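So the structure is just underneath, and the comments pick up after that.
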């Protein structure tokens, strides 16, 4: 298994950032290139990950806890991807976003090499996009 985690401070209220992050219909605005999700039922999503010529599609769950400002997700089979996003207050008009991803099994991102590096870069990209989206939403 490989674990990835990055954080970023965002100059926007935590509630605003969390509300943007949990909107499944708008996730493509901040998710990294090669990852698409669409709602498939209550707390259910269909996710597609493309890396090179490979495309993996899986049914997954997405649970939001608005009080804790936390999202959790994973594939329903439990053998691939899972992760969480946490948005915390950092003071008036500032928040800290932590994005964590676990990749299990024989996925290329779990065994190292270029896919591992790309996955790590994708988390940084997602946080940057979410921060930009949140900043634009309040200006």
Report summary line: Restricting the range 2-22 to residues that are touching a helix residue (DSSP H, G or I) at 6+ places or on another chain (Cβ under 6 Å) and farther than 11 Å from residue 134 by Cα, the one modelled with the lowest pLDDT turns out to be 2
Report task. Might you let me know whether the range 100-108 holds any residue that is in contact with a helix residue (DSSP H, G or I) (Cβ under 7 Å, 6 or more places away or on another chain), more than 21 Å from residue 128 (Cβ to Cβ), in a loop (DSSP other than H, G, I, E, B) and in contact (Cβ under 8 Å) with a residue 60 or more places away in the chain? Result -> yes
Query raised in the report: Could you list, in sequence order, the residues of the range 80-96 that are more than 19 Å from residue 116 (Cβ to Cβ) and assigned to a strand (DSSP E or B)?
Result: 84, 85, 86, 87, 88, 89, 95, 96
Query raised in the report: Looking at the range 104-117, is at least one residue modelled with pLDDT of 85 or more, surrounded by 13 or more Cβ atoms within 10 Å (Cβ to Cβ) and touching a strand residue (DSSP E or B) at 6+ places or on another chain (Cβ under 7 Å)?
Result: no
Query - Meets criteria (in contact with a helix residue (DSSP H, G or I) (Cβ under 8 Å, 6 or more places away or on another chain), touching a residue at least 24 places away in the same chain (Cβ under 8 Å), outside any strand (DSSP E or B) and within 16 Å of residue 34 (Cβ to Cβ)) for residue 122 - result: no
Query raised in the report: Do we find a residue being closer than 27 Å to residue 94 by Cβ and either modelled with pLDDT of 95 or more or touching a helix residue (DSSP H, G or I) at 6+ places or on another chain (Cβ under 6 Å) (or both) anywhere in the range 36-48?
Result: no
Query raised in the report: Can you pull out the residues in the range 45-55 that are surrounded by 14 or more Cβ atoms within 10 Å (Cβ to Cβ) and touching a strand residue (DSSP E or B) at 6+ places or on another chain (Cβ under 6 Å)?
Result: 45, 46, 47, 49
Query raised in the report: On the given criteria, is residue 135 part of a helix (DSSP H, G or I) and touching a strand residue (DSSP E or B) at 6+ places or on another chain (Cβ under 9 Å)?
Result: yes
Query - Number of the exception - residue 77 against (1) assigned to a strand (DSSP E or B); (2) surrounded by fewer than 17 Cβ atoms within 10 Å (Cβ to Cβ) - result: (1)
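The values are calculated or read from the model by the stated rules, or taken from the named source; none is laboratory data. Computed from a predicted structure; not experimentally measured. FYI the Cβ positions are ideal-geometry reconstructions off the backbone, even for glycines, and counts take in every protein chain you see.
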